[in-house]
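Here's the structure, in structure tokens; my notes come after.
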């Protein structure tokens with residue numbers, strides 16, 4: 001992943017943003033687990049947490065993480081995980097926002113907005129024609145924010161997923177007869 | 001991108017699949033333009049087509065393309081474009097299917113199914129916990145295929161997009177006041 005790694009801070013804000021390094025992995029994982037709990041989705045297991053460190057900070061990073069720190073607190077209180085996808089129709093990378101989260105006690109201080117603004121800045125700086133992300137249907141508060149910044153809900157596109165279990169069933173033959 | 005580059009062919013089929021190389025770029029672009037027309041979406045312009053070649057076959061490939069050839073025809077009649085995203089919750093790469101298309105005169109011969117099966121095989125081989133893609137709401141035929149292979153429509157997830165124009169408006173300040 002390319003792009004600026006320099007820290008960002010709000011002019012009069014008590015927080016700052018910076019890109020996560022391997023030393024931040026335990027704190028990042030705590031935040032990922034907190035987001036999974038908020039979204040009522042199974043959090044990564046201990047083995048998955050080990051993989052996350054390798055995938056984020058190993059030889060071939062599969063995502064980049066940005067952290068938000070509040071005042072003098074040593075641990076981050078929010079994070080964003082980004083990666084680049086691609087649009088063949090626009091012939092351009094898309095900045096994909098996989099996660100965006102602020103720990104509940106630190107909300108309503110502008111931290112989430114600053115993280116989102118920073119991601120939009122990175123997308124623009126890297127020449128992406130699009131930035132994309134998903135949001136759960138019940139999270140109306142987040143949807144209001146996304147619409148307010150000018151993003152569109154792509155309701156005409158259905159998102160499909162095949163799980164590893166589904167791949168195995170299909171490859172084993174029980175679902176191989178396609179029309 | 002890792003994974004097998006070896007050709008695949010159906011046992012008794014008149015077609016074969018192989019990974020696209022730079023020499024295939026003009027034929028790949030013809031197919032991408034045909035898919036855009038099918039989806040009633042603006043096709044890449046001449047400048048965008050040049051970028052596609054660099055992004056697909058340059059120093060840092062942003063996607064991988066697979067081509068389907070019918071009998072002795074020199075030009076491919078179908079293609080798939082893949083890239084890898086990531087799930088922090090599953091701590092695993094996701095194989096993302098950006099495009100899958102068979103030229104209309106060559107449909108109903110098993111070519112699309114073979115391309116899809118090959119992608120599922122690659123996702124499994126590369127250790128992906130998930131394979132994901134999108135489909136237009138009106139394409140009921142494709143949706144029936146996806147449900148038949150065991151994929152789920154993630155209707156609880158809303159897909160959001162901010163275009164480059166939207167990024168610029170937001171960063172210029174007209175939409176910067178978030179809640």
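A few remarks follow.
- Sum of -39500 (n - 2.57) over DSSP H runs of 4+, divided by residues of chain B (222 nm, nearest 500): -10000 deg cm²/dmol
- Computed from Cα atoms, the angle from the helix A:46-57 axis to the main principal axis of chain A rounds to 70 degrees.
- Partner chain coverage, peptide B:164-172 - average Cβ within 10 angstrom: 6
- Percent RCO, i.e. relative contact order, over chain B, from Cα pairs under 8 Å lying at least 6 residues apart: 16
- For residue B:75, label point 7 Å along C-beta direction: distances to other copies, nm: 6.0
- Theoretical FRET efficiency, 1/(1+(r/R0)^6), r = Cβ-Cβ of residue A:60 and residue B:30, R0 35 Å, to 0.05: 0.60
- For the stretch B:22-67, the orientation-averaged shadow of the C-alpha convex hull comes to 3.2 nm² (one quarter of the hull surface).
- Peptide A:35-41 has a mean shielding of 1, counted as Cβ atoms of other protein chains within 10 Å of each residue's Cβ.
- Sorting the Cα pairs of chain B by distance into bins of 10 Å, from 0 upward, gives 8, 32, 36, 18, 5, 1, 0 percent per bin.
- Distances in nm from residue A:30 to the matching label points in the other copies, shortest first (labels 7 Å along Cα to Cβ): 5.9
- Position residue A:137, label points 7 Å along Cα→Cβ, spacing to each other copy in nm (shortest first, one decimal): 1.3
- Cα point-scatterer Debye curve for the protein assembly as shown, base-10 log of I(q)/I(0) at q = 0.07 Å⁻¹: -0.31
- Within the listed set B:166, B:110, B:56, the residue fluctuating most in the Gaussian network model of chain B (springs between alpha-carbon atoms under 10 angstrom) is B:166.
- Residues A:96, A:106 arranged by fewest to most Cβ contacts within 10 Å: A:106, A:96
- The antiparallel fraction among DSSP beta bridges confined to chain A stands at about 85%.
- Residues residue A:46 and residue A:138, FRET efficiency given R0 of 35 Å [Cβ-Cβ distance, rounded to 0.05]: 0.75
- Order of A:72, A:165 - criterion: other Cβ atoms within 10 Å of each residue's Cβ, fewest first: A:72, A:165
- Shielding of peptide A:143-156 by partners, expressed as the average count of other chain Cβ atoms within 10 Å per residue Cβ, is 5.
- Between the stretch B:109-136 and the stretch A:89-125, the Cα center-to-center distance that results, in Å: 29
- Likely footprinting exposure, B:95, B:67, fewest C-beta neighbours within 10 Å first: B:67, B:95
All of the numbers you see were taken from the coordinates with simple rules; none came from a lab. Nothing here was measured: the structure is a model prediction, and the numbers come from that model. Here the Cβ is made from the backbone with ideal geometry for all residues, glycine too, and neighbour counts use every protein chain on show.
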